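The values are calculated or read from the model by the stated rules, or taken from the named source; none is laboratory data. In this text, all values refer to a predicted model and were calculated from it rather than measured experimentally. In this analysis, Cβ positions are derived from the backbone assuming ideal geometry, glycine residues included, and neighbour counts consider all displayed protein chains. In case anyone asks, the SASA skips ligands and DNA or RNA and just uses the protein heavy atoms, side chains included. Shrake-Rupley method; radii C 1.70, N 1.55, O 1.52, S 1.80 Å.
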Amino acid sequence: MFKQLFAFEGIEEYERNIEEIQLLSNKLDDYKSILIDQFDLQELPKAIVWTSSENATIVFSQVPVPAYTNRETIFMCPSVKEWRSFHLSQLENEELLENEDIHELIKYFQSMTIDHVFCILAHELTHHIELFPDEFEDERMDSIWFEEGMCEYLSQKLTLTNEQFVELQAINEKMIELFKPKYGQFPLDQFGSGSYNQESLAAIMLNYWRSAAAIHYLVEDCHKGDVMAVFKQYKEWHEQGRQQLLTEFFGVSHF
């Protein structure tokens, strides 16, 4: 089991977060077992560093998302409040016209729970399964959408209730409809090429929404929920030398 390390600026900040940390840790034990039993999780990260959103995105990394992993460590903000703020900030400074969809998105993000935050933590652990052939130190410029989309899909499908899952898919679809015309005029295969250098948080997150939508389509629509059938095809593409774009191989270029 990995170590749990705490990087807060004082005992008060730690105490504000400890209850959510305990809830997330308990849920992670169950999810870890699923990944070991069904998705070839062999090597766990050595530690989880629990920290604030500010520390995660300024001190430990320059990536504007307060959850990420490398081979050794998962960095994670546990605060539901801070994740609500993060998701709401995707809508800021975007010159959006107020309408029913915008109000629905705001309401959804304001009501996020520990279950939604756990999906983010579970996403990070899912990166460690052996079904992804690329290593953490690899550039991963030609298929990162598949891994990120699959981490989104599995972490949500395996942990949320069906009602929560369906609702989240609808929200992500609204975000794609809202931001793809502005920020998504490039193929998914380019996800990873300067993805985190964009000034707009929505532009960065759009990559994840589109990737998750493509994986959802492959698993649910093309393979009747058989996620391992999708992994099998992905392995074939990799072992055959990645001779064509992965979106073309899977027939998801339209995402």
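The number of residues in the stretch 87-124 that are open to solvent by 20 Å² or more (accessible area, probe 1.4 Å), outside any loop (DSSP other than H, G, I, E, B) and not basic (Lys, Arg) comes to 13. Identify, from the list Met175, Met150, Met76, the residue that is farther than 30 Å from Leu5 by Cβ and either open to solvent by 20 Å² or more (accessible area, probe 1.4 Å) or aliphatic (A, V, I, L, M) (or both). Selected residue: Met175, the only one of Met175, Met150, Met76 that is farther than 30 Å from Leu5 by Cβ and either open to solvent by 20 Å² or more (accessible area, probe 1.4 Å) or aliphatic (A, V, I, L, M) (or both).
The one condition from (1) part of a helix (DSSP H, G or I); (2) more than 28 Å from His87 (Cα to Cα) that Ala213 does not meet is (2). Of the candidates Gln233, Gln190, the single residue that is over 28 Å from Val65 (Cα atoms) and open to solvent by 40 Å² or more (accessible area, probe 1.4 Å) is Gln233. For the stretch 175-185, the condition holds for at least one residue, the condition being that it is of a type in the set (Val, Ile, Thr) and more than 25 Å from Ser33 (Cα to Cα). With respect to the conditions (1) modelled with pLDDT of 95 or more; (2) in contact with a strand residue (DSSP E or B) (Cβ under 9 Å, 6 or more places away or on another chain), Lys157 lacks only one, and its number is (2).
When you look at Lys182, is it under 27 Å from Leu96 (Cβ atoms), open to solvent by 50 Å² or more (accessible area, probe 1.4 Å) and part of a helix (DSSP H, G or I), yes or no? Yes. Scanning the stretch 1-57 for residues that are out of contact with any strand residue (DSSP E or B) (no Cβ under 7 Å at 6 or more places or on another chain), hydrophobic (A, V, I, L, M, F, W, C) and not in a loop (DSSP other than H, G, I, E, B) returns Ile11, Ile18, Leu23, Leu24, Leu28, Ile34, Leu35, Ile36.
Residues of the stretch 41-56 that are of a type in the set (S, T, N, Q) and either open to solvent by 30 Å² or more (accessible area, probe 1.4 Å) or touching a helix residue (DSSP H, G or I) at 6+ places or on another chain (Cβ under 7 Å) (or both): Gln42, Ser52, Ser53.
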